[in-house]
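Shown next, in structure tokens, is the structure this report addresses.
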Amino acid sequence: MASPSDLIPGLIEPVPLQNLVIQQGPLASIHLDVLRLDRVHPLVSGNKWYKLKYNLDECLKSEVKTVVSFGGAWSNHLHALAAACQVVGIESVGVIRGHKPDVLSPSLQDMQAMGMCLHFVTREAYRRRHDVEFHHELIDTLACDPTSTRMIPEGGSNALAMQGCVEILSLHGIQSEDYDLVATACGTGATLAGLILGAAGKGRFLGVPVLKGGDFLIQDIHQRLMDIKCDHQNWQLRTEFHCGGYARQTEELQQFVRRFFDETGVPLDRVYTGKLFFALEQLVEKGDVLPGCRVLAIHTGGLQGNRSLMES
Ligand SMILES: Cc1ncc(COP(=O)(O)O)c(C=O)c1O
């Protein structure tokens, strides 16, 4: 049985590790490298490929016919899942938070065009997305065969996703200890947990939650690590850079993303990577990251979501 890596054409591994030459502002005082996971594939981009590869591998091995997963109208995860499932020949269902809009967002239109069946549920129902009983109800409603259907959680964030993220640094020949800090944006924290695990206690990791009140992620990430008997402590979260909450943005964030692109040519999204680099700039400004520090930032993709900006 071929693995998804063999089946998905156009994957670029390894992707570029880019040193950013920044002339002005706080980031000019550090050595900043960016791992451009946004370049791994035009559709299965960023951390998504790493989170999906072992999930899809397992589905192919178990002859799964349908994958069901969860997300919002601009979900990077569902977008990537729809693309990957189409290529490997597995049916996909996206359970979408909120009522069906009169006009589908470009992300939803893409998902549909890539063969994903879109199933809209109320926000109240969506809160049950982790509930096994809700999964059974969904399988009934969608008339899926329960024996050949897999549920993948929101953001793809399960143990198999972590396993994929474990490989992010090693696949690119990166040793975490060559940096003072390896930084990534956090939604569920699965990507950060995978990176920490892959580094086997070496280096230092920083996660920047993009949700308000991101302290709960400390426990979640500990739990993800403890579940696989890993108690590395070489990581921390900085939870104050959410810019008002998930998918919220401030004028300063928007200006930063534009300035960053003008100076480096690296496109960022406003939901994840924009907040990560904006956080790094502020941490240097505050003196929490010192001049001369070697920092590796993971560009986790998400650029398809930038189309939401046209709507605001
Ligand atoms: C572009 C992007 N970056 C980062 C993340 C955060 O990943 P995680 O949920 O594994 O923390 C996500 C969400 O999955 C994302 O879409």
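The figures follow:
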{"item": "Gaussian network model of the chain, springs between alpha carbon atoms under 10 Å - residue of 123, 150, 258 with greatest fluctuation", "result": "123"}
{"item": "Inverse mean reciprocal Cα-Cα distance (Kirkwood Rh) of segment 130-288, Å", "result": "17.3"}
{"item": "Ellipticity estimate at 222 nm from DSSP helix runs (n ≥ 4, -39,500 (n - 2.57)) divided over the chain, nearest 500", "result": "-11000 deg cm²/dmol"}
{"item": "Dipole magnitude (debye, nearest 20) for the chain, charges at Cβ of Lys, Arg, Asp, Glu", "result": "180"}
{"item": "Between segment 279-312 and segment 202-254, the alpha-carbon center distance in angstrom", "result": "13"}
{"item": "For segment 194-244, alpha-carbon Rg over 2.2 N^0.38 Å", "result": "1.16"}
{"item": "List 77, 242, ordered by accessible area with a 1.4 Å probe, largest first", "result": "242, 77"}
{"item": "Relative contact order of the chain, pairs being alpha-carbon contacts under 8 Å that are 6 or more residues apart, as %", "result": "22"}
{"item": "Amide H partners (placed H, <5 Å) of residue 150, local residues excluded", "result": "66, 67, 68"}
{"item": "Long-range HN-HN contacts of residue 212 with modeled amide H, under 5 Å", "result": "245, 246"}
{"item": "Size-normalised alpha-carbon gyration radius of segment 134-185, reference 2.2 N^0.38 Å", "result": "1.79"}
{"item": "Whole-Hz ³J(HN,Hα) from phi, Karplus 6.51 cos²θ - 1.76 cosθ + 1.60, for segment 177-183, glycine and proline x", "result": "6, 6, 10, 6, 8, 10, 10"}
{"item": "Pair residue 13, residue 294: separation of 7 Å Cα→Cβ label points (nm)", "result": "2.5"}
{"item": "Principal axis dimensions, the chain - Cα atoms, whole angstrom, descending", "result": "58, 42, 36"}
{"item": "Relative contact order of segment 1-52, defined on C-alpha pairs under 8 angstrom at six or more residues apart (%)", "result": "32"}
{"item": "Net charge of Cβ neighbours under 12 Å - reference residue 182; Lys, Arg +1; Asp, Glu -1", "result": "-1"}
{"item": "Built amide H within the under 5 Å cut-off of residue 120, gap 5+", "result": "96"}
{"item": "Length-normalised contact order for segment 27-140 - Cα pairs under 8 Å, 6+ apart - percent", "result": "21"}
{"item": "Solvent-free Debye scattering, log10 I(q)/I(0), computed from the Cα coordinates of segment 1-72 at q = 0.16, 0.26, 0.27 Å⁻¹", "result": "-0.70, -1.18, -1.22"}
{"item": "Helix 76-88 vs. the chain, principal-axis angle (Cα, 0 to 90°, nearest 10)", "result": "60"}
{"item": "Average silhouette area of segment 47-156, convex hull of alpha-carbon atoms, in square nanometres", "result": "6.3"}
{"item": "Of 101, 14, 146, the one that fluctuates the most in a GNM where the chain has Cα springs shorter than 10 Å", "result": "101"}
{"item": "Reachable lysines from residue 100, criterion Cα separation under 23 angstrom, eight or more residues apart if same chain", "result": "none"}
{"item": "Surface/4 estimate of mean projected area, convex hull on alpha-carbon atoms of segment 33-82, nm²", "result": "4.1"}
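The values are calculated or read from the model by the stated rules, or taken from the named source; none is laboratory data. Remember, it's a predicted structure, so these values are computed and weren't measured experimentally. Glycine also receives a Cβ, built like all others from the backbone with ideal geometry; neighbour counts cover every protein chain displayed. These area figures cover heavy atoms from the full protein model, side chains too; ligands, DNA and RNA do not enter into them. Shrake-Rupley method; radii C 1.70, N 1.55, O 1.52, S 1.80 Å.
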